[in-house]
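A.B. asks: Pasting a structure below so you can have a look.
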Amino acid sequence: MPCGEARSQAVCGEGTGTLAVASKSANQLGLDVQRTGTAVVVRVRGSAGMGEAGYLKDQLEYLAESDVRVIVLDLADLSFISSAGLGALLSARARIGSLGGQIRLVHPQPFVRQILEVTHLNQLFVIFPNLDDALGA
Amino acid sequence: MIPSRLGAAQGAENKLLEEVARHAYSEASAFAVKLAVEEALNNAIKHGNRFDSSKTIDLTFRVNSAEIAVTITDQGSGFDPEVVPDPTAEENLVKPTGRGIMLMRAYMDEVHFNDRGNQVRMVKRNT
């Protein structure tokens, strides 16, 4: 029975303020940020597992502290999220919430939506039907 | 053997998922296995081995047309999985951690811990 090998291929960003990351594979995390007034749309690409969660947390918390009232996470290209990735979202939610802001979600893929439902986190994160609604609410 | 670093498990996960794909499991089953293994490895690294670089994690798997069986063992002192709080309880929803075991049980057909609590065996059947 083969054993797994120990090779780290996940990308863990350092989260020092750089907001745009080019993702090279489906197992890495990419964040494309576009600012609209006091709202920010973050297109989350790839995978938010334990190797990427720290970077995701750092980037979202940096945004939360950048005079932003609303962070909209466009999850259309997020193929995977684990509890670590969810923890990053929760930490960012708490941070922006303490400053009077919100995190909103749009376009979760079916498996990601299912995880949000199984964990009951769809009670904490509002999922909007489209980007316009998320920005206009 | 996997070192106790969060990014080190990707190679092992990928090998397992390649085998799952080779046996033509559904996308849902593949996702379930990926998630459960990730959660178990995360627990082994963080809670089992406490990021101790001198400790490793063993991941073994068997994939055939009937089922996927994965066993993950850390070198920690173990724990009692029955005392982990319910992460879906209202008072626990906002907490950033504590969902791993619940997700493993939700997505796999069988989840068994050894008596010591440093090993978990999970099974996903092909349906």
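Computed from the coordinates by the stated procedures, all read-outs in this text should not be read as laboratory data. Note that the coordinates shown come from a computational prediction; the quantities given were computed from them, not determined experimentally. FYI the Cβ positions are ideal-geometry reconstructions off the backbone, even for glycines, and counts take in every protein chain you see.
A.B. asks: How do B:LYS55, B:LYS124 rank when sorted from fewest to most other Cβ atoms within 10 Å of their own Cβ?
C.D. replies: Ascending Cβ contact count within 10 Å gives the list B:LYS55, B:LYS124.
A.B. asks: Let me ask something additional. Which ³J(HN,Hα) values in Hz, rounded to whole numbers, follow from the phi angles of segment A:31-46 under the Karplus curve 6.51 cos²θ - 1.76 cosθ + 1.60, where θ = phi - 60° and Gly and Pro get x?
C.D. replies: 10, 10, 10, 9, 9, 9, x, 9, 10, 10, 9, 10, 7, 9, 10, x
A.B. asks: Hey, can you grab everything whose amide H is under 5 Å from the amide H of B:LYS95? Only 5+ residues off in sequence or another chain; H modelled, so Pro and N-termini drop out.
C.D. replies: Distant-sequence amide H within range of B:LYS95: zero hits.
A.B. asks: Something else now. So what are the ³J(HN,Hα) numbers for segment A:67-80, from phi and the Karplus equation (6.51, -1.76, 1.60; θ = phi - 60°), rounded to whole Hz, Gly and Pro as x?
C.D. replies: Couplings: 6, 10, 8, 9, 10, 9, 9, 8, 9, 4, 10, 9, 8, 7 Hz.
A.B. asks: Calculate, for B:GLU90 and A:ASP133, the FRET efficiency according to 1/(1 + (r/R0)^6) with r their C-beta to C-beta distance and R0 25 Å; round to the nearest 0.05. Please list the in-between numbers first.
C.D. replies: On the way: r = 27 Å, r/R0 = 1.07.
Taking R0 as 25 Å, the efficiency between B:GLU90 and A:ASP133 is 0.40.
A.B. asks: Going by amide H atoms built from the backbone, whose H comes under 5 Å of the H on A:LEU78, apart from near neighbours?
C.D. replies: A:GLY46, A:GLN109
A.B. asks: Segment A:20-120: which trypsin sites (Lys or Arg not before Pro) are DSSP loop and have at most 10 other beta-carbon atoms within 10 angstrom?
C.D. replies: Within segment A:20-120, the qualifying trypsin sites (Lys or Arg not before Pro) (loop, at most 10 other Cβ atoms within 10 Å) are A:LYS24.
A.B. asks: Quick one: which residues, 5 or more positions from A:ARG104 or on another chain, have an amide H under 5 Å from its amide H? H modelled 1.01 Å from N in the peptide plane, none for Pro or chain starts.
C.D. replies: A:ILE71, A:VAL72, A:LEU73
A.B. asks: Give the distance, in whole Å, between the Cα centre of segment A:55-82 and the Cα centre of segment A:85-137.
C.D. replies: The two parts, judged by their Cα centres, are 9 Å apart.
A.B. asks: Within chain B, what is the number of lysine pairs with alpha carbons under 21 Å apart, leaving out pairs fewer than eight places apart on the same chain?
C.D. replies: 6
A.B. asks: Same structure again: Over the alpha-carbon set of chain B, work out the extent along each principal axis and list the three values in angstrom, largest first.
C.D. replies: Taking max minus min along each principal axis of the Cα atoms, chain B gives 38, 37, 27 Å.
A.B. asks: Give the dimensionless ratio obtained when the Cα radius of gyration of segment A:29-136 is divided by 2.2 N^0.38 Å.
C.D. replies: Scaled against compact globular proteins, the figure is 0.94.
A.B. asks: What list of ³J(HN,Hα) values in whole Hz, one per residue of segment B:93-106 in order, does the Karplus curve 6.51 cos²θ - 1.76 cosθ + 1.60 (θ = phi - 60°) give from phi, with Gly and Pro shown as x?
C.D. replies: Working through the residues one at a time gives 4, 7, 6, x, 10, x, 9, x, 5, 4, 5, 4, 6, 6 Hz.
A.B. asks: Additional query: Take every residue in peptide B:38-47, count the Cβ atoms of other chains within 10 Å of its Cβ, and give the average of those counts. Intermediate values should be presented prior to the final figure.
C.D. replies: Details: counts 10, 5, 0, 4, 8, 2, 0, 1, 2, 0.
Other-chain Cβ atoms within 10 Å of each residue's Cβ, averaged: 3.
A.B. asks: Hey, how much of the P(r) for the protein assembly as shown falls beyond 22 Å, as a percent of Cα pairs?
C.D. replies: Distances greater than 22 Å cover 55 percent of the Cα pairs.
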